[in-house]
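As structure tokens, the structure follows; a few thoughts come after it.
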Amino acid sequence: MAQPHRIVHLGLGAFARAHVFDHTADAGGWAVTGVAPRSRDVVAALARQHHTYTILVRGADGDRAVPRTLVDTAYCAADDPAPVLAALADPAATVVTTTITEKGYRIDPHTRRLADPLPADLAADLTGTGPFRTAVGLLVAGLRDRYRRHGAPVTLVSCDNLADNGHVLRAAVDGLAERTGDTAFADWVHAAVRCPRTVVDRITPATTDGDRRRVAALTGHRDDAAVVTEPYRQWVIEDDFAAARPDWATAGALLVPDTRPYERAKLRLLNAAHTLLAYLGRRVGARTVADAVGHDGLASLLDRFLRTEAVPALPPSTVDAEGFVAGMLVRFANPAIDHRLDQIAVDGTAKLAERVLPTLRALTGRAAVAPLIVAGWCADVVETVEAGRRPTDPRAADLVTAATGAAPVRAVLDVLDPALGDDLRAPVLAAAEALRAGVPPTALP
């Protein structure tokens, strides 16, 4: 029997299992080698279950359980990197997909390059032998083995929800390949490796014990690798591949020459709306996205932001922004999806830079709600540090230092964007101080 084409996937989190693997299973004909950079739990769960897991699709009209079996091998790279490096070097693996989160790429958001000098963990990964401390280090080591063995071309597909994700992945891989000092290898990476941009969309909240009980009720067995998601899914992929790929179009993906109009719409409408609800919704007692859009004051604030700020600030494109917003709000109101606001309200420095600051800048001082969103984050960071906790953020150390200074809100805002002009900074600072004084966000703009 012929072996299937193969994908190696880095990052076995819930989103990959609900989105990337779901599309790939529907496309057919491909198997997946799954790699968890550090976490052993999902690898162990998949092994116990013969690499089968369930996608619990929860809609307003009920639940359905979808079994998936395309992950036929799974490894924890922290335990033994050797089989992972071998999988990355396998010529049958013509696609490597990644879901390693925004901070996993280690790219400076301002320079869009790796730091110079390299952080200690990335520098240590340059040995190429492990143990690997970073996903990028592991990936580049696998590419180097591939280059040395046969040099077959490969496509790296970032499936993380960040702007220009293909360029970010390209910058990380090229940058670290250059730091190896092997010029021929770095040249091969530049010539033989493709990194197409993608836009991914499927709300995938953290799986709860209640979700697992529901899966057991529907399937008749316990599933420790189950994921829960909504019926909607979208995947827009730049059609730029170095070798064979799954026929994702048959599974509903869009293969296009330019993903950027779709990306801007998703980041600056849907993801910005999530950010608004996360940083302002908890201040009025909302726990989930559905709670927040059910709050009259927040719903009005969200409508105002989308209609008068976010949509007008988008560059002209063929994307139907108003239609996108209408569908998005229906998805947000789905009561079956327990999408927690505290799950969304992490990694603010990475998210705000892509989701909200472009709208704030585009409206040049005319925005009222966009500054309030940034203010909500500033206040949240300062209050988190004042309570003795550390923010969950790639810039956490800088934020803690800023939040303990004499002017904490101003200093925290400087961490986010030190170049923000005074005309944009003033309404953020004023709103943040009002929020810290207990003024509800719905009373501010």
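The values are calculated or read from the model by the stated rules, or taken from the named source; none is laboratory data. Predicted model only: the values in this text are computed from it and were never measured. As a convention, Cβ positions derive from the backbone with ideal geometry for all residues, glycine included, and neighbour counts pool all protein chains shown.
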### Message
Can you say whether Arg58 is at pLDDT 95 or above, under 17 Å from Arg233 (Cβ atoms) and buried (at least 23 other Cβ atoms within 10 Å of the Cβ), as far as the supplied structure shows?
### Response
no
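Residue-by-condition table, conditions (1) assigned to a loop (DSSP other than H, G, I, E, B); (2) of a type outside the set (D, E, K, R):
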| position | (1), (2) |
| --- | --- |
| Lys351 | no, no |
| Trp377 | no, yes |
| Pro391 | yes, yes |
| Leu413 | no, yes |
| Val439 | yes, yes |
| Thr442 | no, yes |
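Going through Leu399, Leu298, Leu306, Leu329 one at a time, which residue ends up being in contact (Cβ under 8 Å) with a residue 60 or more places away in the chain and in a helix (DSSP H, G or I)?
The unique qualifying residue is Leu298.
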Verdict on Arg282 being in a helix (DSSP H, G or I) and at pLDDT below 95:
no
Among (1) closer than 22 Å to Leu360 by Cα; (2) over 21 Å from the mean Cα position of the chain (by Cα); (3) surrounded by fewer than 23 Cβ atoms within 10 Å (Cβ to Cβ), Glu386 falls short only on (1)
Here the residues within segment 221-244 that are in contact (Cβ under 8 Å) with a residue 24 or more places away in the chain and more than 22 Å from the chain's Cα centre (by Cα) are Asp223, Asp224, Ala242, Ala243, Ala244
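Yes/no matrix, rows are residues, columns are (1) surrounded by fewer than 20 Cβ atoms within 10 Å (Cβ to Cβ); (2) part of a loop (DSSP other than H, G, I, E, B); (3) assigned by TED's automatic domain parsing to the domain that holds Arg149:
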position: Pro196; (1), (2), (3): no, yes, yes
position: Val199; (1), (2), (3): no, no, yes
position: Pro205; (1), (2), (3): no, yes, yes
position: Gly210; (1), (2), (3): yes, no, yes
position: Val215; (1), (2), (3): no, no, yes
position: Asp223; (1), (2), (3): no, yes, yes
position: Val228; (1), (2), (3): no, no, yes
position: Phe241; (1), (2), (3): yes, yes, yes
position: Ala244; (1), (2), (3): yes, yes, yes
Checking Thr359, Thr392 in turn, the sole residue that is among the polar types (S, T, N, Q), within 26 Å of Pro119 (Cα to Cα) and within 24 Å of the chain's Cα centre (by Cα) turns out to be Thr392
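What number of residues within segment 285-295 are surrounded by fewer than 24 Cβ atoms within 10 Å (Cβ to Cβ) and either in a helix (DSSP H, G or I) or β-branched (Val, Ile, Thr) (or both)?
So the answer is 4.
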Filter result for Arg264 (surrounded by fewer than 21 Cβ atoms within 10 Å (Cβ to Cβ), at pLDDT below 95 and not in a loop (DSSP other than H, G, I, E, B)):
yes
